[in-house]
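Following: one structure in structure tokens, then a few remarks.
The values are calculated or read from the model by the stated rules, or taken from the named source; none is laboratory data. Model, not experiment: these values are computed from the prediction. A quick note on method: Cβ atoms are made from the backbone with ideal geometry, for glycine too, and the neighbour counts reach across all protein chains shown.
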Amino acid sequence: MRKLLFPLFLAPLVLCRAQDTLPSAETILNKFVEATGGRAALEKRHNQVEHGTVEIVAMGLKGTLTIYEAEPNKNRSIIELTGIGKIESGSNGDVAWENNPLQGPRIKQGVERTDALRDATFNAPLMVQKLYSKIETAGTETVNGHDCYKVVLTPKEGNPTAEYYDKTSGLLVKVSATRSTAMGDITAETVFDDYRKDGDVISPHKLTQHAAQMDIQITIERTEANVDLPKDIFDLPSEIQELLNKTQVAAKAPAATAASGSGAGKLTIYMGGKPAESETYTVEKSGGKILISGSAHASIGPMKVDVDQFDIATDDKYQPLQATAKGKLGQIQMNVSTTFTGGKAKNEIDNGQGPKTKEDDVHADAVVVYNPFPFYPWTVLAMRADLKTQAPQQFAVYVLNQGEVPATVVFKGREPVEFAGGKTVELNHLVASGKTPQGQALTLDFWVDDNRKLIKLAVPSQGVEGYQEGYDRKAPPDAGPAETPKTNSK
């Protein structure tokens, strides 16, 4: 039966299971199997491919969807959204993963992995007893005019799933589930409609998912069963394979370098040659503490990202004390409050569904940044780097709520930098290189003045440039077509 893997918002939702009185959950689920074609018809299917469209209504985003599934628990979902790019997720039966332009590649771990592998089970309605430790009929409820039985399925690990079956037809009408994601636990409801016959099996062709205060409309246009799949369709993408091979290298930060860096700033960030983001910030030193605070607002295609507040407080040795981030990705809240103590970063996360906690190991003097932006927190790195040597310098960088990674910084020397209007300024050039917590190699170039103020930045691999107010980009405003970059730039 159908499962839809939708990265960014929710892992695929399994469509059937249960047991109890009312009738029993087993009776309800058996009726569903018969209503959708019967056990024999489902057992004849060993793989399937679904083709359709997806629309995120509130954000005006539309795209195509292709889902490959095969027994026992392999799948791959490919979504292409106009203005955003390709969003992929899948399982090779052991490794569950996802890759999207906002967060980059990552491997699912813990409960998230368990959920993903269970949700990837092919012909899951036939394997309910193996997938769940408890199934029960929990009552009745009316869903969109359908009188339904409510069946609750509880796995050995993870949150229970509630499914609602039409009393008369036996078909699944709604699923409500909470899934662990990179953005914390997210609860979603998916409503199933427009059941049609594909070969010997009946399945829904219209799905409406409500999650994180947004509606996602999914339409299945065509389903193929028992096809010759591409032989490598379930192989791990190279970025995911690289993550598996990744080894963590402990980073030892150098002693803090006395530097000013105080004051205020305003950065304009260009993506693909077009202005796409603005950042405003201040740097204050007082009472033995350093406070960097500001905001950032970006438009990536039709999607808006607003970081209304991102503050970092450190002591006078640049050891982080606390950080606060508040903002929205489209309509999804992104709120994180973090305290640093005893070698731990303790995060309290709220994505609009109540606070969750997450704890990461972190070096006492890690540079704290945010993903995908703003860039101004990298001012701390510019303040700390030694400009008297061109030897590699090692720093620990903590990406808020994601994890710590090592970074290597090299001072390239002083060099003239040209700006618009024939303006040329002698600046200090720093290059920071490393990998994101998701394993992507990344290089950032920074040009700072003698007070360590960030004047220009660049992320060459992503077509990103940034300029301090008063130092305009030399290229003309209409230089080059805009591109949608990979925004996991920290």
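Looking at Ile202, Ile220, just one residue is more than 24 Å from Ile78 (Cβ to Cβ), touching a strand residue (DSSP E or B) at 6+ places or on another chain (Cβ under 6 Å) and modelled with pLDDT of 90 or more, and that residue is Ile202. Within the range 269-314, restricting attention to residues that are hydroxyl-bearing (Ser, Thr, Tyr) and at pLDDT below 85, the residue that is nearest to Leu457 (Cα to Cα) is Ser299.
For the range 137-166, the set of residues classified as charged (D, E, K, R) and at pLDDT below 95 consists of Lys156, Glu157, listed by residue number.
Would you say Ala138 is touching a strand residue (DSSP E or B) at 6+ places or on another chain (Cβ under 9 Å), among the small types (Gly, Ala, Ser) and in a strand (DSSP E or B)?
So Ala138 fits the description; yes.
Across the range 342-361, the qualifying residues are those that are within 18 Å of the chain's Cα centre (by Cα), in a strand (DSSP E or B) and surrounded by 14 or more Cβ atoms within 10 Å (Cβ to Cβ), and the one among them that is modelled with the lowest pLDDT is Asp350. Going residue by residue through the range 102-112, is there one that turns out to be in contact with a Ser or Thr (Cβ under 7 Å, 6 or more places away or on another chain), under 17 Å from Leu29 (Cα atoms) and either at pLDDT below 90 or in the same structural domain as Asn47 (by TED's automatic domain parsing) (or both)? No, that holds for no residue. Can you spot a residue in the range 148-161 that is in contact with a Lys or Arg (Cβ under 7 Å, 6 or more places away or on another chain) and closer than 17 Å to Ser203 by Cα? So far as the range 148-161 goes, no, none of its residues is in contact with a Lys or Arg (Cβ under 7 Å, 6 or more places away or on another chain) and closer than 17 Å to Ser203 by Cα. Contact map, the range 83-102: residues that are closer than 18 Å to Ser180 by Cα paired with residues that are among the hydroxyl-bearing types (Ser, Thr, Tyr), Cβ distance under 7 Å, separation 6+ or inter-chain. Pairs shown: Glu88/Ser77; Ser89/Ser77; Gly90/Ser77; Trp97/Ser89; Glu98/Ser89; Leu102/Thr487.
Would you say Ala138 is in contact (Cβ under 8 Å) with a residue 40 or more places away in the chain and closer than 17 Å to Thr190 by Cα? Here the answer is no, as Ala138 does not meet what is asked.
Which of the strands (runs of 3 or more DSSP E) found entirely inside the range 364-464 contain at least 3 residues meeting this: without any contact (Cβ under 8 Å) to a residue 60 or more places away in the chain and within 22 Å of the chain's Cα centre (by Cα)? Spell out the reasoning first.
Numbers: elements: 367-369, 393-399, 403-418, 424-435, 441-448, 454-459.
Output list reads 441-448.
Within the range 408-418, can one find any residue that is within 28 Å of Gln322 (Cβ to Cβ) and surrounded by fewer than 20 Cβ atoms within 10 Å (Cβ to Cβ)? The answer is yes; a qualifying residue exists. Note on the range 45-56: among residues that are more than 19 Å from the chain's Cα centre (by Cα) and of a type outside the set (Gly, Ala, Ser), the one that is farthest from Lys231 (Cα to Cα) is Thr53. What residue, among those in the range 35-85 that are surrounded by 18 or more Cβ atoms within 10 Å (Cβ to Cβ) and assigned to a loop (DSSP other than H, G, I, E, B), is modelled with the lowest pLDDT? That would be Ile84.
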